[in-house]
Amino acid sequence: MSHAAIAIPGLDRIGGTERQAMLLAKGLRRRGWHVSVVALSGSGGAAAAELRDCGVAYTSLEMRKGLADPRGWIRFHRWLWREEPDVLHAHLPHAAWLCRWSRLAAPVPVVIDTLHSSCTGKSGRHIGYACSRWLPNHVTAVSRATAVSHLAAGMVRAEQLSILANGIEVEAWEPNVNARREARRLLGLTDEFLWLAVGRLETVKDYPTLLRALAYAPEKARLLILGTGPLEAELVGLAKKLGLERRVCLLGFEPNVMRWMQAADGFVLSSRYEGLPMVLLEAGACGVPAVATDVPGTREVVVDGVNGWLARAGDSQSLCQAMAGLMRMPLEERYAMGECARRRVIEDFGMETVLNRWERLYEALLDRKSVKWRMRLVAREILSRHSAASA
């Protein structure tokens, strides 16, 4: 049984990247892999418990000062020597750098890291990736836009890069009339048009543009925002200034996004940039048509006029027009657009399809390793069988 270790900064706050890492871990475990998740910091909370319930080992390095904490490096090196993972797969920059440089002291057959955003960050991140780009065996990007931006910045070599999109368990996300009715009852809604937005309250999501767009949208439009972040007070103040107190609800962090997705009439994403937004895949799986800003990453999910509508980034009038256009669509046409969104997610982003791609990549990279590493796998399998027979 091969061992895949997934490294991530933490699981205490769950966003798109964290959900994707968990789906990958649980999916590989179902397929017979020995899977571990290693977090740089935090306890992992409910997410760690969920992983353990699925047979995935969870470990926190308890790093308190980011990568500057030497104790975390020591713990990680000891863990690598003890557990001997065959594949070490990192998500997000800090985990990527930890895994890349650690293999010099604690050899691992295959090291992969995944790029999740088309934003390449500041010069420090550029330098960090460029200086260590010779260390991983392979780098993947969740979208074409993410790959292009990192190639242009010199942060990755073309020959070691491939695009492998995020996936979603489509069967777990689906339209549900009863759930829709109950969630709307809790919100006190009858025939209002409910827009849903999900994501951290940070600059990149550009919620101020969304609120300004809502101010000009038809009166029956309501907006539910799920997420927390540093801009919460500012957004509450802007909503009050625009006279939207009755039409906007900031619900905060919500672990059960699906029930609110099932209650929505439309999903809206006002981001300035994206990698491959998980929330758009989740909306599509629930049959909810989306309005999103026309930025790299997003346009790889939303086909304008087919399974949603695109608007210019940072332009409240353009966003408002797209939202009003979806609201004016006859009900049967809007449902048809939602069904088209669901079919696209099933065909291109279904988790089983994505898991097939990951397994092929892992196995291909392991096959390229030296005879030494292949002999190690054989020896481990023999020892495993001997131990089982002895027991």
#### Entry: Checklist (1) part of a helix (DSSP H, G or I); (2) surrounded by 21 or more Cβ atoms within 10 Å (Cβ to Cβ) applied to Arg78, failing item
(2)
### Elements of type strands (runs of 3 or more DSSP E) in the range 255-361, at least 2 residues being touching a helix residue (DSSP H, G or I) at 6+ places or on another chain (Cβ under 9 Å) and surrounded by fewer than 20 Cβ atoms within 10 Å (Cβ to Cβ)
none
### Task
Please work out if Arg64 is under 19 Å from His94 (Cα atoms), modelled with pLDDT of 95 or more, in the same structural domain as His91 (by TED's automatic domain parsing) and basic (Lys, Arg).
no
### Query
Can you tell me which residue in the range 142-181 is farthest from His126 (Cα to Cα), limited to those that are among the acidic types (Asp, Glu) and without any contact (Cβ under 8 Å) to a residue 60 or more places away in the chain?
Glu171
### In the range 127-162, residue farthest from Leu115 (Cα to Cα) [restricted to those that are of a type in the set (Val, Ile, Thr) and crowded, with 17+ Cβ neighbours inside 10 Å]
Val156
### Task
Considering (1) within 30 Å of Thr120 (Cβ to Cβ); (2) at pLDDT 95 or above, say which one Ala264 fails and leave the rest.
(1)
### Summary
All-but-one check, Glu174 against (1) more than 30 Å from Trp97 (Cα to Cα); (2) surrounded by 21 or more Cβ atoms within 10 Å (Cβ to Cβ), failing number (2)
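Yes/no per residue for (1) under 14 Å from Cys320 (Cα atoms); (2) in a helix (DSSP H, G or I):
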position	(1), (2)
Leu210	yes, yes
Leu214	yes, yes
Arg222	yes, no
Val236	no, yes
### Task
Examine the range 177-190 for a residue that is within 19 Å of the chain's Cα centre (by Cα) and of a type in the set (A, V, I, L, M, F, W, C), and state whether such a residue exists.
no
### Summary
Residue hits (the range 50-68; part of a loop (DSSP other than H, G, I, E, B) and more than 15 Å from Ala7 (Cβ to Cβ)) are Cys54, Gly55, Arg64, Ala68
### Task
Test Leu231 against the criterion of being touching a residue at least 60 places away in the same chain (Cβ under 8 Å) and among the aliphatic types (A, V, I, L, M), and give yes or no.
no
#### Entry: Qualifying position, being more than 22 Å from Gln160 (Cβ to Cβ) and either of a type in the set (D, E, K, R) or not in a strand (DSSP E or B) (or both), among Ala96, Ala47, Ala106
Ala47
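The values are calculated or read from the model by the stated rules, or taken from the named source; none is laboratory data. Model, not experiment: these values are computed from the prediction. Here Cβ is always computed from backbone atoms with ideal geometry, including for glycine, and neighbour counts include all displayed protein chains.
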